[in-house]
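Below is one structure, written out as structure tokens, with a few remarks after it.
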Amino acid sequence: MPAIRVLLADDHTLFRQGLRQICEITGDFLVVGEAADGEVAVHLAKELKPDVILIDINMPRLNGIQATARIVEANPDARVIVLTMYRQDQYIFDAIRAGARGYLLKNADAQELIEGVRHVHRGEALIDSHLAARLLDEFRRLSQTADQSVNLEQLTDGEMDVLRLVAEGADNQEIAQQLNLSAQTVANRLRVIYQKLQVNNRTQAVLYALRRGWVDLDREA
């Protein structure tokens, strides 16, 4: 099983060193790079293409949310976990809007971090359970506002197939294999889905679909 390639981005050297030590003791993580500011994080994410990116919110030049937005814009499949000292709704909403797959408090223990990275690597979301309801409420409010001014088109069967697999955590290559499509076709369908739903990334599309009842992540396989 290939190691999970991890990029660390935090402006505190000691904290980065601690993250590296935690990653290295697992035996199945490989730290491929470190960044002390958001600009470097964006550059390394593009150059190294890590499996998971751990990024602090408060960093110089570009903060973690700005850096996440740029990383995801360049690679919509990027799997970013935002790290912060703060459990505030607005930080979470901004991180998810930017395209983060997860949100982890810095006071989490080593096992929480390890499991969080593994969850996100598998394509799952990483959000504190007590925050999930507020997160869905916020996106419900935003999408209801959008519904008042936008006449959304019906998704085709092919687009719904892609959206359901995205909700299950599949990346573009996995979706292409399951639907017998090219990766480029999957990427094109995702762009159309984003346009129709008036969203910017995979996480927002899944939240929108959950609110509408189009997908059910609790159903049996």
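For a paramagnetic label modelled on residue 63 (point 7 Å from Cα along Cα→Cβ), amide N atoms under 13 Å away belong, within the range 91-108, to 91-96, 98.
In the range 36-127, the convex hull through the Cα atoms has an average projected area of 5.2 nm², a quarter of its surface area. Taking each residue as 0.36 nm, the span from residue 200 to residue 160 lengthens on full extension beyond its C-alpha to C-alpha distance by 12.7 nm. Ranked by the mean number of other Cβ atoms within 10 Å of their residues, highest first, the peptides 202-209, 189-196 come out as 202-209, 189-196.
Once the chain from residue 49 to residue 191 is taken as fully extended at 0.36 nm per residue, the excess over their C-alpha distance is 49.0 nm.
The numbers here are math on the coordinates, done by the rules we state, and not lab data. Everything numeric here is computed off the predicted structure, so don't read it as measured data. With ideal geometry, Cβ positions are generated from the backbone for all residues, glycine too; neighbour counts draw on all protein chains shown.
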